[in-house]
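The values are calculated or read from the model by the stated rules, or taken from the named source; none is laboratory data. Just so it is clear, the model here is predicted, and its values are computed rather than measured. Reconstructed Cβ throughout: ideal geometry from the backbone, glycine too, with neighbour counts over all protein chains shown. Note: areas computed on protein heavy atoms with side chains; ligands, DNA, RNA excluded. Shrake-Rupley method; radii C 1.70, N 1.55, O 1.52, S 1.80 Å.
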Amino acid sequence: MTKLFFLCRRRTELTHEQYVERLLGGHVPLALAHHPTLRRYVVNVVDGTRGPAPPLDSIGMLWFDSLADYRERLYDSAAGERTIAADVASFLGAADAYATTEHVQRAPAEAPSVGATAGVKLVVALARAPGQSREEFLRHWLERHVPLALEHHGMRRYVTSVVDERLGSASPPYDGFAEIQFASADDLERRLYLSAEGKAAIERDVGRFLGTIHAYYVAEHVARWIEHVPGRFSIRVGDAEAFLVYERRDDVLDVLHTYTPPALRGGNLAAELTRAALDHARAEGLRVVPTCSYTRRYLARHPA
């Protein structure tokens, strides 16, 4: 999958609180309704910075099966595109965008749940030291620094995203983003460094390959998170899970069953899972067999 970062700043006439209200209460539902190829969507509301950093109001993270799904198949219709454009113009002042490749270095066993995430999260924008090539930076970051971070930081989740392309020529020249999550603010302060020796080792290493570090404290809101493992698509909301089960046989993807728990019905989750399965079949060149009765009804309402 391709993961996009959007570093967002509000319109000048809005307060940060007004921006957040319009983003979460207005834009996010519209994006979920009109971006059919969007697989995962996380909004990080910026609460502050750790050290000097350019001002931001939110950091959006959007996952697509491919960059082409973003560039060519982002909207469900021309009317949907107009609706999104009008909404964005009402609250967003500017945004810097990046296409990245994600590397999950440490994560809990279960997939994230839709909704506000407990705990504290840091999103860190990184740029390489002057005179260093991109290849040298990536080799040092992923092969030397990441193992040090896993050893000396006590985070529960650690993700690195390598910038493949800046989607705007004026966007700052960041080379990557790191996400570091802790169970609480107290956990962050106690376990950001597990020892004085570990802190010294991290700080020495950072000086060897990084020129820019802009760190933001954020509140994470998971708007959409479709998990895919062979044979299964799923979405978690709290302790409940909606899922779709399929079987692949040669050039056939047979959708066997779709289930949404009673507490989650009415949220359109079955449609999201079905759309994801059909897009997966299209990308793989597979013929869909709708054994599942819901899938048959979905295909009748949405003919190719």
Scan the range 1-45 residue by residue and report those that are of a type in the set (D, E, K, R) and over 21 Å from Pro112 (Cβ atoms).
Arg9, Arg10, Arg11, Glu13, Glu17, Glu21, Arg22
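Matching residues to (1) of a type outside the set (Val, Ile, Thr); (2) touching a Ser or Thr at 6+ places or on another chain (Cβ under 8 Å); (3) not in a strand (DSSP E or B):
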{"position": "Ala111", "(1), (2), (3)": "yes, yes, yes"}
{"position": "Val124", "(1), (2), (3)": "no, no, no"}
{"position": "Ala127", "(1), (2), (3)": "yes, yes, no"}
{"position": "Gly131", "(1), (2), (3)": "yes, no, yes"}
{"position": "His140", "(1), (2), (3)": "yes, no, yes"}
{"position": "Glu143", "(1), (2), (3)": "yes, no, yes"}
{"position": "Val146", "(1), (2), (3)": "no, yes, yes"}
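Return yes or no: is Ala111 modelled with pLDDT of 95 or more, within 20 Å of Val43 (Cβ to Cβ), touching an Asp or Glu at 6+ places or on another chain (Cβ under 9 Å) and aliphatic (A, V, I, L, M)?
no
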Quick one: Pro36 ticks every box in (1) within 25 Å of His280 (Cα to Cα); (2) out of contact with any Asp or Glu (no Cβ under 8 Å at 6 or more places or on another chain) except a single one, so which number is it?
(2)
Can you work out which of the residues in the range 128-181 that are among the hydroxyl-bearing types (Ser, Thr, Tyr) and modelled with pLDDT of 95 or more is surrounded by the fewest Cβ atoms within 10 Å (Cβ to Cβ)?
Ser133
Considering only residues that are in contact with a helix residue (DSSP H, G or I) (Cβ under 8 Å, 6 or more places away or on another chain), of a type in the set (Ser, Thr, Tyr) and at pLDDT 95 or above, which ones fall in the range 8-53?
Tyr19, Tyr41
Which condition number in (1) small (Gly, Ala, Ser); (2) open to solvent by 50 Å² or more (accessible area, probe 1.4 Å); (3) within 28 Å of Ser169 (Cβ to Cβ); (4) under 17 Å from the mean Cα position of the chain (by Cα) is the one that Ala86 fails?
(4)
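Test Ala99 against the criterion of being part of a strand (DSSP E or B), crowded, with 16+ Cβ neighbours inside 10 Å, touching a helix residue (DSSP H, G or I) at 6+ places or on another chain (Cβ under 7 Å) and touching a residue at least 60 places away in the same chain (Cβ under 8 Å), and give yes or no.
When the stated conditions are applied, Ala99 passes them.
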I'd like the residue in the range 160-194 that is touching a helix residue (DSSP H, G or I) at 6+ places or on another chain (Cβ under 7 Å) and in a loop (DSSP other than H, G, I, E, B) and, out of all such residues, is nearest to Val123 (Cα to Cα).
Asp175
Quick check on my filter: what residues within the range 257-304 are over 21 Å from His35 (Cα atoms), open to solvent by 70 Å² or more (accessible area, probe 1.4 Å) and aliphatic (A, V, I, L, M)?
Ala263
